[in-house]
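Data block below; observations after.
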Amino acid sequence: MLFPPVRNILPPLAIIYSLFITLSLSAQTIPDIASRAAVLMDAETGMVLFTKNPDEPIPPASLTKLMTIHLALQEVNAGRASLDEIVDLPAESWAVNQLPRSSLMYLAEGQIVSLRELILGMAIPSGNDAAVAVALRFSPTVEDFVDRMNAEANRLGLKETRFVEPSGIDENNMTTAMEFASFCREYINRHPESLRDFHSVMELAYPRMDNVAPPLRSTVATWRQRNHNPLLTGFDGTDGLKTGYIDEAGYNIALTARRQDTRFIAVLLGAGAARRRDADGQKLLSWAFENFKTLRPDFGDIEPVRLWKGKAKFAELVPGEAPEFTAPADRGNNLWLSTEIADPLIAPLPANYRVGNLIISDEQGELRRIPLLTAQEYEEGNFFKRVWDSLRLFLKKRSR
(Lines give C-alpha, C1' and ligand atoms only; values in the text may rest on other atoms or scores of the structure.)
Protein backbone atom coordinates (compact mmCIF):
# COMPACT_ATOMS: atom_id res chain seq x y z
CA MET A 1 0.00 0.00 0.00
CA LEU A 2 1.25 3.45 -0.89
CA PHE A 3 1.73 6.23 1.62
CA PRO A 4 -0.75 9.14 1.47
CA PRO A 5 -0.04 12.14 -0.75
CA VAL A 6 2.01 14.95 0.78
CA ARG A 7 1.53 18.63 0.01
CA ASN A 8 2.39 20.58 3.17
CA ILE A 9 3.10 18.35 6.14
CA LEU A 10 5.91 20.37 7.77
CA PRO A 11 3.84 22.43 10.25
CA PRO A 12 2.07 19.47 11.94
CA LEU A 13 5.27 17.42 12.00
CA ALA A 14 7.12 20.38 13.48
CA ILE A 15 4.52 20.71 16.22
CA ILE A 16 4.62 16.99 17.05
CA TYR A 17 8.40 16.91 17.12
CA SER A 18 8.52 20.10 19.20
CA LEU A 19 6.28 18.45 21.79
CA PHE A 20 8.38 15.29 21.71
CA ILE A 21 11.74 16.91 22.35
CA THR A 22 10.34 19.37 24.89
CA LEU A 23 8.53 16.68 26.89
CA SER A 24 11.61 14.47 26.73
CA LEU A 25 13.33 16.96 29.04
CA SER A 26 12.47 16.82 32.72
CA ALA A 27 9.96 19.44 33.78
CA GLN A 28 12.43 20.72 36.36
CA THR A 29 14.80 21.95 33.64
CA ILE A 30 12.27 24.25 31.94
CA PRO A 31 13.07 27.86 32.89
CA ASP A 32 10.76 30.02 34.97
CA ILE A 33 10.19 33.23 33.00
CA ALA A 34 8.94 36.43 34.64
CA SER A 35 8.06 38.24 31.40
CA ARG A 36 4.40 38.30 30.43
CA ALA A 37 4.97 36.43 27.17
CA ALA A 38 7.90 34.55 25.67
CA VAL A 39 8.83 32.34 22.72
CA LEU A 40 12.09 30.49 22.05
CA MET A 41 12.75 29.21 18.53
CA ASP A 42 15.49 27.49 16.55
CA ALA A 43 16.32 30.16 13.97
CA GLU A 44 17.14 27.71 11.20
CA THR A 45 14.38 25.12 11.56
CA GLY A 46 11.65 27.27 13.08
CA MET A 47 11.17 24.69 15.83
CA VAL A 48 9.42 26.28 18.83
CA LEU A 49 11.10 25.09 22.03
CA PHE A 50 9.47 27.22 24.72
CA THR A 51 6.33 29.34 24.99
CA LYS A 52 4.59 31.42 27.61
CA ASN A 53 1.40 33.21 26.55
CA PRO A 54 2.70 33.11 22.96
CA ASP A 55 -0.51 34.45 21.38
CA GLU A 56 -1.29 37.29 23.80
CA PRO A 57 -1.40 40.65 21.96
CA ILE A 58 1.11 43.09 23.46
CA PRO A 59 2.47 46.38 22.06
CA PRO A 60 5.94 45.70 20.62
CA ALA A 61 7.27 49.16 21.58
CA SER A 62 10.57 49.79 19.77
CA LEU A 63 10.69 46.24 18.41
CA THR A 64 8.48 47.91 15.79
CA LYS A 65 11.64 49.43 14.33
CA LEU A 66 12.71 45.99 13.10
CA MET A 67 9.85 46.09 10.59
CA THR A 68 10.89 49.60 9.55
CA ILE A 69 14.48 48.42 9.05
CA HIS A 70 13.26 45.32 7.22
CA LEU A 71 11.36 47.38 4.66
CA ALA A 72 14.34 49.70 4.17
CA LEU A 73 16.72 46.78 3.63
CA GLN A 74 14.28 45.23 1.17
CA GLU A 75 14.53 48.40 -0.89
CA VAL A 76 18.33 48.24 -0.72
CA ASN A 77 18.37 44.58 -1.74
CA ALA A 78 16.06 45.37 -4.67
CA GLY A 79 18.44 48.08 -5.89
CA ARG A 80 15.95 50.89 -5.31
CA ALA A 81 18.01 52.43 -2.52
CA SER A 82 21.60 52.50 -1.26
CA LEU A 83 22.87 52.36 2.30
CA ASP A 84 25.28 55.17 1.45
CA GLU A 85 22.73 57.52 -0.11
CA ILE A 86 22.04 60.82 1.64
CA VAL A 87 18.50 61.02 2.99
CA ASP A 88 16.50 64.23 3.21
CA LEU A 89 15.33 65.13 6.71
CA PRO A 90 11.85 66.70 6.66
CA ALA A 91 10.87 68.69 9.75
CA GLU A 92 8.65 65.79 10.80
CA SER A 93 11.82 63.74 11.44
CA TRP A 94 13.74 66.25 13.56
CA ALA A 95 14.36 65.29 17.17
CA VAL A 96 12.69 68.46 18.47
CA ASN A 97 9.44 67.40 16.81
CA GLN A 98 9.22 63.91 18.37
CA LEU A 99 6.85 63.02 21.19
CA PRO A 100 8.02 63.50 24.77
CA ARG A 101 10.14 60.65 26.22
CA SER A 102 11.18 59.52 22.76
CA SER A 103 14.46 57.70 22.27
CA LEU A 104 16.40 59.84 19.81
CA MET A 105 19.25 59.81 17.35
CA TYR A 106 19.15 63.62 17.54
CA LEU A 107 18.38 64.47 13.95
CA ALA A 108 18.15 68.19 13.21
CA GLU A 109 17.58 70.64 10.40
CA GLY A 110 20.35 70.78 7.79
CA GLN A 111 22.12 67.59 8.80
CA ILE A 112 23.75 65.35 6.20
CA VAL A 113 22.93 61.74 7.02
CA SER A 114 23.05 58.46 5.11
CA LEU A 115 20.50 55.65 5.12
CA ARG A 116 23.12 53.46 6.81
CA GLU A 117 23.42 55.97 9.66
CA LEU A 118 19.65 56.17 10.05
CA ILE A 119 19.41 52.38 10.37
CA LEU A 120 22.19 52.46 12.95
CA GLY A 121 20.22 55.24 14.67
CA MET A 122 17.26 52.86 14.99
CA ALA A 123 19.30 49.78 15.88
CA ILE A 124 21.56 51.30 18.57
CA PRO A 125 19.88 54.22 20.44
CA SER A 126 16.43 53.27 19.07
CA GLY A 127 15.85 56.71 17.59
CA ASN A 128 12.21 57.49 16.90
CA ASP A 129 13.40 60.41 14.75
CA ALA A 130 15.43 57.98 12.60
CA ALA A 131 12.34 55.78 12.12
CA VAL A 132 10.33 58.75 10.85
CA ALA A 133 13.14 59.79 8.50
CA VAL A 134 13.34 56.28 7.03
CA ALA A 135 9.58 56.09 6.65
CA LEU A 136 9.56 59.37 4.72
CA ARG A 137 12.44 58.23 2.53
CA PHE A 138 10.36 55.33 1.20
CA SER A 139 6.82 56.73 1.28
CA PRO A 140 5.27 60.18 0.73
CA THR A 141 3.78 60.19 4.24
CA VAL A 142 4.30 58.26 7.45
CA GLU A 143 0.77 56.90 7.07
CA ASP A 144 1.63 55.49 3.65
CA PHE A 145 4.70 53.79 5.08
CA VAL A 146 2.60 52.29 7.88
CA ASP A 147 0.33 50.82 5.19
CA ARG A 148 3.42 49.13 3.76
CA MET A 149 4.35 47.80 7.20
CA ASN A 150 0.92 46.25 7.64
CA ALA A 151 0.90 44.86 4.11
CA GLU A 152 4.21 43.14 4.81
CA ALA A 153 2.91 41.75 8.10
CA ASN A 154 -0.10 40.35 6.24
CA ARG A 155 2.14 38.87 3.54
CA LEU A 156 4.15 37.10 6.23
CA GLY A 157 0.99 35.67 7.78
CA LEU A 158 1.20 37.71 10.98
CA LYS A 159 -2.50 37.91 11.75
CA GLU A 160 -2.31 39.69 15.13
CA THR A 161 0.53 42.06 14.23
CA ARG A 162 -0.42 45.59 13.19
CA PHE A 163 1.25 48.98 13.18
CA VAL A 164 0.04 52.57 13.45
CA GLU A 165 3.45 54.30 13.24
CA PRO A 166 7.04 53.23 12.45
CA SER A 167 8.88 53.78 15.75
CA GLY A 168 6.86 51.83 18.33
CA ILE A 169 6.00 54.69 20.68
CA ASP A 170 2.25 54.23 20.17
CA GLU A 171 0.51 51.60 22.32
CA ASN A 172 -1.79 50.75 19.40
CA ASN A 173 1.01 48.94 17.63
CA MET A 174 0.42 45.27 18.42
CA THR A 175 2.06 41.86 18.08
CA THR A 176 2.42 38.52 19.87
CA ALA A 177 5.56 36.77 21.03
CA MET A 178 4.97 33.92 18.57
CA GLU A 179 4.37 36.17 15.59
CA PHE A 180 7.31 38.41 16.37
CA ALA A 181 9.65 35.43 16.79
CA SER A 182 8.50 34.20 13.37
CA PHE A 183 9.13 37.66 11.95
CA CYS A 184 12.62 37.76 13.48
CA ARG A 185 13.40 34.43 11.84
CA GLU A 186 12.31 35.83 8.48
CA TYR A 187 14.29 39.01 9.11
CA ILE A 188 17.51 37.12 9.92
CA ASN A 189 17.09 34.84 6.90
CA ARG A 190 16.53 37.83 4.61
CA HIS A 191 19.14 40.15 6.13
CA PRO A 192 21.82 38.04 7.87
CA GLU A 193 24.41 40.81 7.43
CA SER A 194 22.26 43.18 9.50
CA LEU A 195 23.33 41.42 12.70
CA ARG A 196 26.95 42.33 12.06
CA ASP A 197 26.40 45.70 10.42
CA PHE A 198 23.69 47.13 12.69
CA HIS A 199 22.35 45.12 15.62
CA SER A 200 25.61 44.12 17.29
CA VAL A 201 27.26 47.52 16.88
CA MET A 202 27.87 48.78 20.40
CA GLU A 203 27.89 52.57 20.03
CA LEU A 204 26.64 55.38 17.83
CA ALA A 205 28.35 58.77 17.85
CA TYR A 206 26.07 61.33 16.23
CA PRO A 207 26.13 63.95 14.87
CA ARG A 208 29.77 64.08 13.81
CA MET A 209 31.46 66.86 11.92
CA ASP A 210 30.57 65.43 8.51
CA ASN A 211 26.88 65.32 9.53
CA VAL A 212 26.51 69.08 9.85
CA ALA A 213 26.98 72.03 7.54
CA PRO A 214 30.59 73.36 7.29
CA PRO A 215 29.92 76.58 9.26
CA LEU A 216 28.75 74.49 12.25
CA ARG A 217 31.54 71.91 12.33
CA SER A 218 33.66 73.77 14.88
CA THR A 219 30.81 73.73 17.40
CA VAL A 220 29.22 70.33 16.73
CA ALA A 221 28.02 68.51 19.86
CA THR A 222 28.32 64.75 19.41
CA TRP A 223 26.13 62.41 21.43
CA ARG A 224 27.64 58.98 22.17
CA GLN A 225 24.92 56.43 22.82
CA ARG A 226 25.36 52.76 23.73
CA ASN A 227 23.37 49.89 22.30
CA HIS A 228 20.35 49.24 24.54
CA ASN A 229 20.82 45.45 24.38
CA PRO A 230 22.96 44.44 27.39
CA LEU A 231 23.17 40.79 26.34
CA LEU A 232 25.50 41.77 23.48
CA THR A 233 28.23 41.83 26.11
CA GLY A 234 26.47 39.79 28.80
CA PHE A 235 25.80 36.52 26.94
CA ASP A 236 28.26 34.75 24.68
CA GLY A 237 27.12 34.52 21.06
CA THR A 238 24.47 37.28 21.18
CA ASP A 239 24.51 39.50 18.09
CA GLY A 240 21.02 41.04 18.03
CA LEU A 241 18.33 42.14 17.79
CA LYS A 242 16.39 44.92 19.58
CA THR A 243 14.97 46.17 22.87
CA GLY A 244 11.83 48.19 23.48
CA TYR A 245 9.84 49.89 26.21
CA ILE A 246 6.65 51.85 26.62
CA ASP A 247 4.50 52.10 29.75
CA GLU A 248 1.62 50.17 28.19
CA ALA A 249 3.80 47.18 27.21
CA GLY A 250 6.58 47.02 29.75
CA TYR A 251 10.08 45.94 28.76
CA ASN A 252 10.45 43.92 25.54
CA ILE A 253 13.39 42.29 23.80
CA ALA A 254 14.00 40.31 20.63
CA LEU A 255 17.21 38.31 21.01
CA THR A 256 19.32 36.07 18.87
CA ALA A 257 22.51 34.23 19.69
CA ARG A 258 24.69 31.77 17.79
CA ARG A 259 27.13 29.22 19.15
CA GLN A 260 28.95 26.87 16.77
CA ASP A 261 26.32 25.85 14.20
CA THR A 262 23.17 26.61 16.21
CA ARG A 263 21.27 29.89 16.41
CA PHE A 264 18.27 30.58 18.63
CA ILE A 265 15.72 33.41 18.69
CA ALA A 266 14.04 34.51 21.91
CA VAL A 267 11.26 37.10 22.12
CA LEU A 268 10.17 38.35 25.53
CA LEU A 269 7.32 40.83 25.95
CA GLY A 270 5.89 42.63 28.95
CA ALA A 271 8.58 42.35 31.60
CA GLY A 272 8.09 44.55 34.63
CA ALA A 273 11.69 45.76 34.67
CA ALA A 274 14.63 45.83 32.29
CA ARG A 275 16.74 43.64 34.56
CA ARG A 276 13.99 40.99 34.67
CA ARG A 277 13.64 41.07 30.89
CA ASP A 278 17.41 40.69 30.46
CA ALA A 279 17.59 37.91 33.05
CA ASP A 280 14.75 36.09 31.25
CA GLY A 281 16.59 36.39 27.95
CA GLN A 282 19.81 35.01 29.39
CA LYS A 283 17.91 32.22 31.15
CA LEU A 284 16.07 31.16 27.97
CA LEU A 285 19.15 31.23 25.75
CA SER A 286 21.24 29.34 28.32
CA TRP A 287 18.54 26.67 28.55
CA ALA A 288 18.37 26.44 24.77
CA PHE A 289 22.09 25.91 24.25
CA GLU A 290 22.27 23.42 27.14
CA ASN A 291 19.45 21.25 25.79
CA PHE A 292 19.20 21.61 22.01
CA LYS A 293 21.21 21.89 18.83
CA THR A 294 20.58 22.14 15.08
CA LEU A 295 21.53 19.11 13.00
CA ARG A 296 22.15 19.21 9.25
CA PRO A 297 22.35 15.67 7.87
CA ASP A 298 23.67 15.23 4.34
CA PHE A 299 21.17 13.28 2.27
CA GLY A 300 23.58 12.73 -0.59
CA ASP A 301 22.04 11.14 -3.67
CA ILE A 302 18.92 9.08 -3.07
CA GLU A 303 19.01 6.01 -5.25
CA PRO A 304 16.12 5.57 -7.72
CA VAL A 305 13.71 2.75 -6.85
CA ARG A 306 12.17 0.07 -9.03
CA LEU A 307 8.89 1.14 -10.64
CA TRP A 308 6.49 -1.52 -11.91
CA LYS A 309 4.00 -1.21 -14.80
CA GLY A 310 5.30 2.22 -15.78
CA LYS A 311 6.90 3.78 -18.83
CA ALA A 312 10.00 4.33 -16.73
CA LYS A 313 11.78 1.43 -15.03
CA PHE A 314 12.89 3.49 -12.03
CA ALA A 315 11.39 6.37 -10.06
CA GLU A 316 13.50 9.26 -8.81
CA LEU A 317 12.74 10.29 -5.22
CA VAL A 318 13.29 13.57 -3.38
CA PRO A 319 12.99 14.51 0.31
CA GLY A 320 9.74 16.24 1.20
CA GLU A 321 11.37 18.48 3.81
CA ALA A 322 14.63 20.33 4.38
CA PRO A 323 17.34 18.25 6.08
CA GLU A 324 17.89 20.59 9.06
CA PHE A 325 16.15 19.75 12.32
CA THR A 326 16.38 20.48 16.03
CA ALA A 327 17.58 17.69 18.29
CA PRO A 328 18.40 17.21 21.96
CA ALA A 329 21.94 18.41 22.66
CA ASP A 330 23.18 14.91 23.55
CA ARG A 331 21.96 13.30 20.32
CA GLY A 332 23.16 13.10 16.74
CA ASN A 333 26.93 12.98 17.11
CA ASN A 334 27.01 10.11 14.59
CA LEU A 335 24.14 10.00 12.11
CA TRP A 336 23.16 7.45 9.54
CA LEU A 337 20.36 7.30 7.01
CA SER A 338 18.07 4.48 5.95
CA THR A 339 14.97 4.31 3.78
CA GLU A 340 11.66 2.48 3.78
CA ILE A 341 9.86 2.39 0.45
CA ALA A 342 6.43 1.07 -0.51
CA ASP A 343 6.92 -2.30 -2.21
CA PRO A 344 5.93 -2.83 -4.90
CA LEU A 345 5.89 0.68 -6.33
CA ILE A 346 3.36 0.63 -9.15
CA ALA A 347 2.61 3.24 -11.82
CA PRO A 348 0.82 5.54 -12.40
CA LEU A 349 2.10 7.93 -9.74
CA PRO A 350 1.59 11.71 -9.50
CA ALA A 351 4.43 14.08 -8.75
CA ASN A 352 5.13 14.83 -5.08
CA TYR A 353 3.47 11.61 -3.99
CA ARG A 354 4.71 10.08 -0.77
CA VAL A 355 6.14 6.62 -1.35
CA GLY A 356 8.24 6.15 1.76
CA ASN A 357 10.44 7.70 4.41
CA LEU A 358 14.03 8.69 4.88
CA ILE A 359 14.95 7.70 8.45
CA ILE A 360 17.67 9.56 10.38
CA SER A 361 19.14 7.68 13.34
CA ASP A 362 22.01 7.77 15.81
CA GLU A 363 23.37 5.30 18.38
CA GLN A 364 20.31 5.81 20.60
CA GLY A 365 17.80 5.14 17.85
CA GLU A 366 15.60 6.95 15.38
CA LEU A 367 15.70 10.75 15.45
CA ARG A 368 13.56 11.83 12.53
CA ARG A 369 11.54 10.66 9.53
CA ILE A 370 11.38 12.70 6.35
CA PRO A 371 8.82 11.88 3.64
CA LEU A 372 10.21 10.63 0.34
CA LEU A 373 8.26 11.94 -2.64
CA THR A 374 8.20 11.18 -6.35
CA ALA A 375 10.34 13.73 -8.19
CA GLN A 376 7.89 13.88 -11.11
CA GLU A 377 4.78 12.25 -12.52
CA TYR A 378 5.26 8.65 -13.63
CA GLU A 379 2.85 7.39 -16.28
CA GLU A 380 1.53 3.91 -16.79
CA GLY A 381 3.34 1.77 -19.32
CA ASN A 382 1.79 0.18 -22.41
CA PHE A 383 -0.35 -2.95 -22.31
CA PHE A 384 2.53 -5.37 -22.83
CA LYS A 385 4.64 -3.69 -20.12
CA ARG A 386 1.79 -3.91 -17.63
CA VAL A 387 1.08 -7.56 -18.40
CA TRP A 388 4.78 -8.50 -18.22
CA ASP A 389 5.31 -6.70 -14.91
CA SER A 390 2.11 -8.21 -13.48
CA LEU A 391 3.44 -11.67 -14.29
CA ARG A 392 6.83 -10.90 -12.73
CA LEU A 393 5.18 -9.51 -9.58
CA PHE A 394 3.04 -12.64 -9.32
CA LEU A 395 6.06 -14.91 -9.59
CA LYS A 396 7.98 -12.75 -7.13
CA LYS A 397 5.17 -13.03 -4.62
CA ARG A 398 4.91 -16.82 -5.09
CA SER A 399 8.66 -17.25 -4.53
CA ARG A 400 8.65 -15.59 -1.10
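For the reader, a short list of remarks on this structure follows.
- Unmet criterion (only one of (1) of a type in the set (D, E, K, R); (2) exposed (fewer than 15 other Cβ atoms within 10 Å of the Cβ); (3) at pLDDT 95 or above) for residue 293: (2)
- Subset of region 380-395 [surrounded by 12 or more Cβ atoms within 10 Å (Cβ to Cβ), outside any strand (DSSP E or B) and either on the phi > 0 side of the Ramachandran plot or not aliphatic (A, V, I, L, M) (or both)]: 381, 385, 386, 388, 389, 390, 392
- Residue among 76, 96 that is within 29 Å of the chain's Cα centre (by Cα) and among the aliphatic types (A, V, I, L, M): 76
- Residue count for region 139-171, restricted to those that are in a loop (DSSP other than H, G, I, E, B) and among the aromatic types (Phe, Trp, Tyr): 1
- Evaluation of residue 361 against (1) small (Gly, Ala, Ser); (2) assigned to a strand (DSSP E or B); (3) over 30 Å from residue 262 (Cβ atoms) (one fails), failing number: (3)
- Scanning region 171-184 for residues that are crowded, with 18+ Cβ neighbours inside 10 Å and either among the polar types (S, T, N, Q) or more than 17 Å from residue 267 (Cα to Cα) (or both) yields 173, 175, 176, 182.
- Verdict on residue 63 being under 19 Å from the mean Cα position of the chain (by Cα), farther than 30 Å from residue 287 by Cα and of a type in the set (A, V, I, L, M, F, W, C): no
- Among the residues making up region 348-397, a single one is free of Cβ contacts under 8 Å to residues at least 60 places away in the same chain, among the aromatic types (Phe, Trp, Tyr) and more than 14 Å from residue 308 (Cβ to Cβ): 383.
- With respect to the conditions (1) assigned to a helix (DSSP H, G or I); (2) of a type outside the set (Val, Ile, Thr); (3) more than 12 Å from residue 195 (Cβ to Cβ); (4) in contact with a strand residue (DSSP E or B) (Cβ under 6 Å, 6 or more places away or on another chain), residue 268 lacks only one, and its number is (1).
- The condition (being basic (Lys, Arg), within 17 Å of residue 244 (Cα to Cα), crowded, with 20+ Cβ neighbours inside 10 Å and touching a residue at least 24 places away in the same chain (Cβ under 8 Å)) is satisfied by just one residue among 65, 52: 65.
- Qualifying position, being buried (at least 19 other Cβ atoms within 10 Å of the Cβ), within 39 Å of the chain's Cα centre (by Cα) and farther than 30 Å from residue 264 by Cβ, among 375, 315, 347: 315
- Among the candidates 216, 231, residue that is surrounded by 15 or more Cβ atoms within 10 Å (Cβ to Cβ) and at pLDDT below 95: 216
- Residue pairs meeting the criteria (Cβ under 8 Å; at least 6 apart or on separate chains; first among the aromatic types (Phe, Trp, Tyr), in region 83-110; second surrounded by fewer than 16 Cβ atoms within 10 Å (Cβ to Cβ) and not in a helix (DSSP H, G or I)): 94/109; 106/223
- Looking at 89, 136, 120, 99, just one residue is surrounded by fewer than 19 Cβ atoms within 10 Å (Cβ to Cβ) and either modelled with pLDDT of 95 or more or not in a helix (DSSP H, G or I) (or both), and that residue is 99.
- In region 172-185, the residues that are in contact (Cβ under 8 Å) with a residue 40 or more places away in the chain and part of a strand (DSSP E or B) reach residues that are surrounded by fewer than 23 Cβ atoms within 10 Å (Cβ to Cβ) and of a type outside the set (Lys, Arg) with C-beta atoms within less than 6 angstrom, at least six apart or across chains, in these pairs: 174/57.
- Residue 130 being in contact with an Asp or Glu (Cβ under 9 Å, 6 or more places away or on another chain) and in a helix (DSSP H, G or I): yes
- Residue 201 being free of Cβ contacts under 8 Å to residues at least 24 places away in the same chain, surrounded by 14 or more Cβ atoms within 10 Å (Cβ to Cβ) and outside any helix (DSSP H, G or I): no
- Looking only at region 205-237, and only at residues there that are closer than 30 Å to residue 172 by Cβ and not aliphatic (A, V, I, L, M), the one that is farthest from the chain's Cα centre (by Cα): 223
- Of the listed requirements (1) modelled with pLDDT of 95 or more; (2) loosely packed, with under 15 Cβ neighbours inside 10 Å, residue 249 misses just one: (2).
The values are calculated or read from the model by the stated rules, or taken from the named source; none is laboratory data. It should be emphasised that the depicted structure is a prediction, and the values quoted were computed from it without experimental measurement. Heads up, the Cβs are rebuilt from the backbone with ideal geometry, glycines too, and the neighbour counts pull from every protein chain shown.
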